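The values are calculated or read from the model by the stated rules, or taken from the named source; none is laboratory data. What you are looking at is a predicted structure, and each value in this text was computed from that prediction instead of being measured. Here the Cβ is made from the backbone with ideal geometry for all residues, glycine too, and neighbour counts use every protein chain on show.
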Amino acid sequence: MPKTADWTKTKTQFVYRHKQSGRYHVRAFRQGREVWKALGTTDYSVARSKAKEVLQEIHKTRILSDALASKPTFGQVAELHREHIKTETGTKQSTKTYWLQTVDSLLKSWPGLESTRLSGITEAQCRQWASEYLKSKRASGHGWKTEAGKTISASRFNNTLSSLRAVFDIGIQRGIILTNPAKAVGRISPRSKPMRIPSKEQFQQIVSEIRGAGGAVSQCSADLVQFLAFSGCRVDESRWVKWSDVDRGETNLYLRTRAYRHQELRRAMDTDN
């Protein structure tokens, strides 16, 4: 929580200027908690014009909650669920994006759901949606791991179902409905994928072919493949290894953290060899 002593209050309500950096922020309260939002500028006139929009975004949850006082539609409650996802602390942005996508998938796969009154949705309708959604074709294009024509995966179905249940749970918490009709829909078990792990000889052959491909990055690509195999790191994790993570006293390269900066690792491997 920022210390108020480090800030100067401006003539615009809720807008503060940081004494050291000169950058402007909005200070507001949401659900009893202090919230600071950067306005991304050191220009007061720009900060003043952006403050209203930022304040509206901060208070969006309260505005949505007020809208639920009557007989809300599924879409209105789903929007509140979206805000809960966006403001969740300790969750990576990529994870938030994924869960927001499940809400989008739900609304696209169930025509008319968004405008349907939440209290009017039945268990039979939820089961009907689930049956049709499982038979639907998964979209192709950027962000999808499978080609067009394949059906929805078990994990995608289960997580979309979780989002459906989460929206109804908000309705229960708000006293709009008594039970969760999506509980009538069961999860499905993912099909196990066969593991095809190469033998030691096959792996060495793969690395040799990569190293001898004659490309500009063939050598470092082979080093990377070896590192991922020996360390168990994923590519994203492997980008952050530093010299301090390498224990040079070990016979084999040893990492204290699952992170990797490729050029540094390659130098370490070359030295060890």
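Exactly one of (1) modelled with pLDDT under 85; (2) among the aliphatic types (A, V, I, L, M); (3) surrounded by 13 or more Cβ atoms within 10 Å (Cβ to Cβ) is unmet by MET195. Its number?
Of everything listed in (1) modelled with pLDDT under 85; (2) among the aliphatic types (A, V, I, L, M); (3) surrounded by 13 or more Cβ atoms within 10 Å (Cβ to Cβ), MET195 misses just condition (3).
Scan the stretch 212-263 for residues that are modelled with pLDDT of 85 or more and touching a strand residue (DSSP E or B) at 6+ places or on another chain (Cβ under 7 Å) and report the count. Write out each step before concluding.
Taking the stretch 212-263 as the starting set, the residues that turn out to be modelled with pLDDT of 85 or more are 212-229.
From the residues that got through so far, the ones that are touching a strand residue (DSSP E or B) at 6+ places or on another chain (Cβ under 7 Å) too are none.
Here the count works out to 0.
Out of the stretch 100-137, which residues are part of a helix (DSSP H, G or I), more than 16 Å from GLN76 (Cβ to Cβ) and in contact with a strand residue (DSSP E or B) (Cβ under 9 Å, 6 or more places away or on another chain)?
Those that are part of a helix (DSSP H, G or I), more than 16 Å from GLN76 (Cβ to Cβ) and in contact with a strand residue (DSSP E or B) (Cβ under 9 Å, 6 or more places away or on another chain): LEU134, LYS135.
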